[in-house]
Amino acid sequence: MNRALKPVLAVGLCAGSLLCYAVTAQAAEGWRNPSLSPDERARLLVQELTLDERIGLLHGPMALSFPGGPPLPAGSVGGAGFIPGVPRLGIPALTETDASLGITNPGNVRPGDTATALPASIALAASFNAPLAYQGGVMIGREAAARGFNVLLAGGANLARDPRNGRNFEYLGEDPLLAGVLAGESIRGIQDQNIISTVKHFSLNGQETGQFHANSVIDEAAHRESDLLAFQIAIERGQPGSVMCAYNLVNGAYSCGNDHLLNKVLKGDWGYKGWVMSDWGAVHATDYALKGLDQQSGEQLDEQVWFGEPLKQAVAAGTIPETRLSDMAQRILRSMFAAGLFDGKPVKPEIDAAAHAAIAKQVADEGIVLLANAKGLLPLSPAVRTIAVIGGHADSGVLSGAGSSQVTATGGNARVVPVGGEGPQAMWGRQVFHPSSPLKALRAVLPDASITFNDGRYPAAAAAAAAQADIAIIFANQWMAEALDAYDLSLPQGQDALIDAVTAANPNSIVVLQTGGPVLMPWLDKVGGVIAAWYSGQKGGEAIADVLTGRVNPSGRLPQTFPASLDQFPRADLPGWGLPAKQQFDVVYDEGADVGYRLFAARDMKPLFPFGHGLSYTSFAYDKLRVRGGDTLTVSFEVSNTGAVAGKDAPQVYLADAAGTPLRRLIGFDKVELAPGEHRTVTVKADPRLLGHFDEAANKWQIKGGSYTVVVGPSAGVDSLSAKARVRAQRLKP
């Protein structure tokens, strides 16, 4: 029926008739019609809500019970957060869990519940494998649904501007294209399971030190070309139902009350239709509603429930329009409709634990980076008869990063090592090892070798053990945690000295780094090989053993530049370190959009290992480069496996010159698997924004016309092929 006729029929033509009743009922219940768009259904449904019901959707507590506090909210699933629904209208509650690396179980709130523990996001980034990111998202989404969750706090897209950032392991490296694509694919995998995902932490959450008082200062154009571009790409690809704002300030305004970021950029320029939720404890005023925040999360951590009674009073006083209140609720409902939460979804699927463990194993396999193999010790020769494994609790399991992303892996924790300390260190002060022992895995794949273990506490004893072995494998750990930054890039607790002692006793030593990011390697020229295993998840021990022995050919590539010195980064001293609590301070991002390898190129600095670096047990060659211009650049080339074993390569395409301006930008990448002698054509089409500059005055992307130079290579530091093409001048929407 024509909608224009409904009020006429209802009021004048059939008053009191059954037809009139049916028409008005259809108008009232139209939001139940699944054929309507999520936007239309949300618009209709929000009209049915009372003022109190709308406000009820805009705030909620953590779904955790604290000593002396209230029990879990009725109807909640123990986890990060809970937003009550509206039973009279069939609006389901929002049940939320941290899920960057798997489904968490904070404080064992769900007694005995374990989940598949993926490797750290930095390991996923090192895979350079977008389809694998999607598979990981699917896995997490299914495990969430099986537990009754429908909102995942996932999708970390912050760029690694400082290698000391305690949460870099939860993010996807230093490049906006790599981070945006992989975050977007992970989000897409989650949401394809009828689960809402966030993307977080918006924006410039670049350090943990003083995170509640750090003011991130950056030029608008530089912000658009770096961190914001990563978020924009992730949102475009993944369509997350919610964006989580951050703790820090950006250019003088808190992220969760930042009118420019939330209203101007996110909802205005980008046309984002979902809702903005706060980080837990990041709301400081009710007028954040006017500045773009739609929902207060984890309300116990804030000074008060700003989006509860104070919001109701502000609406009554007219300081916050009721239309804005409706918009806030409508955005939440819109994402719920888009995810299918009103249509019998998500269902609770059966979980194939073995299949999910296999995904975790593949991420670890493809994320491990062979950094150095100068003596050709890897893969380990079958002739090796004695191996000394040293340090890193390798007898028990593999290290994980700490904080809200901490997963209790299938099988439980292998070992928990108290760290101690005060403040944030006391809160997160436990080193958790997932139950996947590299020592046991090596013994399983090398049954004929004699493999001993030394815990590494005494360097002299470790050196003595190494001297008796053909090969020494040293596990070196850097534990990173939410709310805690690294003081510098050395290996903590004297591990550099341990490596020196062992390599002096046995030069045939291999170092396995379990870290949250780059570390310095003063011993590099003394060792025979180095692999970056990151935090490798619940199958990490097996993955490390398989890479060491050649059962898996390493294919990881660095998502972060490893510096030769901390002085190569813009801020030698960590901003805010040592300041009094609650003192606001500036973190000035003078490097602008030149994050990581871009800065190294701009300043002609040589890193220890460049972005994109990673070795293989085979060799690859690039040929037949072809570049077509026009509105953007389309690049095709051939990749060949020129070695003797099968392997995976991650070829990278960089822009080296844009209409006469030298620069270095990743504009495309792929992951290809090739048998010996096999070759394949790779084609990438550049996002035009990566070719241009953001014009703040015009509020558009400006692409200069002229000749553009493209290079193809195995890393940001090696150019194997080069070609040019012409690009037309153009302006693009922001």
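The values are calculated or read from the model by the stated rules, or taken from the named source; none is laboratory data. Source: prediction; values computed, not measured. Counting neighbours? That spans all protein chains shown, and the Cβs are built from the backbone with ideal geometry, glycine included. For the accessible areas, the whole protein counts, side chains as well, though only heavy atoms, and no ligand, DNA or RNA atoms are used. Shrake-Rupley method; radii C 1.70, N 1.55, O 1.52, S 1.80 Å.
Have a look at Val389, Val398, Val417 and point out the one that is among the hydrophobic types (A, V, I, L, M, F, W, C), closer than 22 Å to Val512 by Cα and surrounded by fewer than 18 Cβ atoms within 10 Å (Cβ to Cβ).
On the way: Val389 fails: surrounded by fewer than 18 Cβ atoms within 10 Å (Cβ to Cβ); Val398 fails: surrounded by fewer than 18 Cβ atoms within 10 Å (Cβ to Cβ).
Exactly one of Val389, Val398, Val417 is among the hydrophobic types (A, V, I, L, M, F, W, C), closer than 22 Å to Val512 by Cα and surrounded by fewer than 18 Cβ atoms within 10 Å (Cβ to Cβ), namely Val417.
Consider Pro575 carefully, then state whether it is in contact (Cβ under 8 Å) with a residue 60 or more places away in the chain, within 30 Å of Leu249 (Cα to Cα), crowded, with 16+ Cβ neighbours inside 10 Å and in contact with a Pro (Cβ under 8 Å, 6 or more places away or on another chain).
Values: in contact (Cβ under 8 Å) with a residue 60 or more places away in the chain: yes; within 30 Å of Leu249 (Cα to Cα): yes; crowded, with 16+ Cβ neighbours inside 10 Å: yes; in contact with a Pro (Cβ under 8 Å, 6 or more places away or on another chain): no.
No.
Look at segment 506-538 and say how many of its residues are in contact (Cβ under 8 Å) with a residue 60 or more places away in the chain, of a type in the set (S, T, N, Q) and more than 16 Å from Gly166 (Cα to Cα).
Number satisfying all stated conditions: 4.
Can you tell me which residues in segment 642-654 are without any contact (Cβ under 8 Å) to a residue 60 or more places away in the chain and more than 18 Å from Phe128 (Cα to Cα)? Explain how you work it out, then say what you get.
Let us first name the residues in segment 642-654 that are without any contact (Cβ under 8 Å) to a residue 60 or more places away in the chain, namely 642-644, 653.
Selection gives Thr642, Gly643, Ala644.
Which one of Ala461, Ala364 is closer than 30 Å to Asn108 by Cβ, of a type outside the set (D, E, K, R) and either surrounded by fewer than 22 Cβ atoms within 10 Å (Cβ to Cβ) or touching a Pro at 6+ places or on another chain (Cβ under 9 Å) (or both)? Can you show your working first?
On the way: Ala461 fails: closer than 30 Å to Asn108 by Cβ.
Going through Ala461, Ala364 in turn, just one is closer than 30 Å to Asn108 by Cβ, of a type outside the set (D, E, K, R) and either surrounded by fewer than 22 Cβ atoms within 10 Å (Cβ to Cβ) or touching a Pro at 6+ places or on another chain (Cβ under 9 Å) (or both): Ala364.
Of everything in segment 523-555, what is under 24 Å from the mean Cα position of the chain (by Cα) and farther than 23 Å from Ala414 by Cβ? Give them in sequence order.
Pro554, Ser555
Within 30 Å of Ile140 (Cα to Cα) and either of a type in the set (Phe, Trp, Tyr) or in contact (Cβ under 8 Å) with a residue 60 or more places away in the chain (or both): which single residue out of Asp279, Asp269, Asp302, Asp352 fits that description?
Numbers: Asp269 fails: within 30 Å of Ile140 (Cα to Cα); Asp302 fails: either of a type in the set (Phe, Trp, Tyr) or in contact (Cβ under 8 Å) with a residue 60 or more places away in the chain (or both); Asp352 fails: either of a type in the set (Phe, Trp, Tyr) or in contact (Cβ under 8 Å) with a residue 60 or more places away in the chain (or both).
Exactly one of Asp279, Asp269, Asp302, Asp352 is within 30 Å of Ile140 (Cα to Cα) and either of a type in the set (Phe, Trp, Tyr) or in contact (Cβ under 8 Å) with a residue 60 or more places away in the chain (or both), namely Asp279.
Please specify each residue of segment 234-256 satisfying the condition of being open to solvent by 10 Å² or more (accessible area, probe 1.4 Å) and either out of contact with any Phe, Trp or Tyr (no Cβ under 6 Å at 6 or more places or on another chain) or under 21 Å from Pro688 (Cα atoms) (or both).
If we filter segment 234-256 for residues that are open to solvent by 10 Å² or more (accessible area, probe 1.4 Å), which is where we start, we get 235-237, 239, 247, 251-254.
Matches in segment 234-256: Ile235, Glu236, Arg237, Gln239, Asn251, Gly252, Ala253, Tyr254.
So which residues in segment 631-660 are over 17 Å from Val547 (Cβ atoms), assigned to a strand (DSSP E or B) and open to solvent by 10 Å² or more (accessible area, probe 1.4 Å), if there are any at all? Steps first, answer last, please.
Step one: of segment 631-660, the residues over 17 Å from Val547 (Cβ atoms) are 631-642, 644, 651-660.
Subset that is assigned to a strand (DSSP E or B): 634-641, 652-658.
Result: Thr634, Ser636, Glu638, Ser640, Ala656, Asp657.
From the list Asp623, Asp631, exactly one residue is under 17 Å from Ser720 (Cβ atoms), in contact (Cβ under 8 Å) with a residue 24 or more places away in the chain and either acidic (Asp, Glu) or touching an Asp or Glu at 6+ places or on another chain (Cβ under 6 Å) (or both). Which is it?
Working: Asp631 fails: under 17 Å from Ser720 (Cβ atoms).
On inspection, the qualifying residue turns out to be Asp623.
Please go through segment 350-393 and pick out each residue that is assigned to a loop (DSSP other than H, G, I, E, B) and among the aliphatic types (A, V, I, L, M). So that I can check it myself, show each step before the final result.
The initial filter retains those residues of segment 350-393 that are assigned to a loop (DSSP other than H, G, I, E, B), namely 350-352, 368, 373-385, 391-393.
Passing the criteria: Ile351, Ile368, Ala374, Leu377, Leu378, Leu380, Ala383, Val384.
Quick one: which residue in Ala581, Ala593 is among the small types (Gly, Ala, Ser) and either open to solvent by 30 Å² or more (accessible area, probe 1.4 Å) or assigned to a strand (DSSP E or B) (or both)?
Details: Ala593 fails: either open to solvent by 30 Å² or more (accessible area, probe 1.4 Å) or assigned to a strand (DSSP E or B) (or both).
Unique residue meeting the criteria: Ala581.
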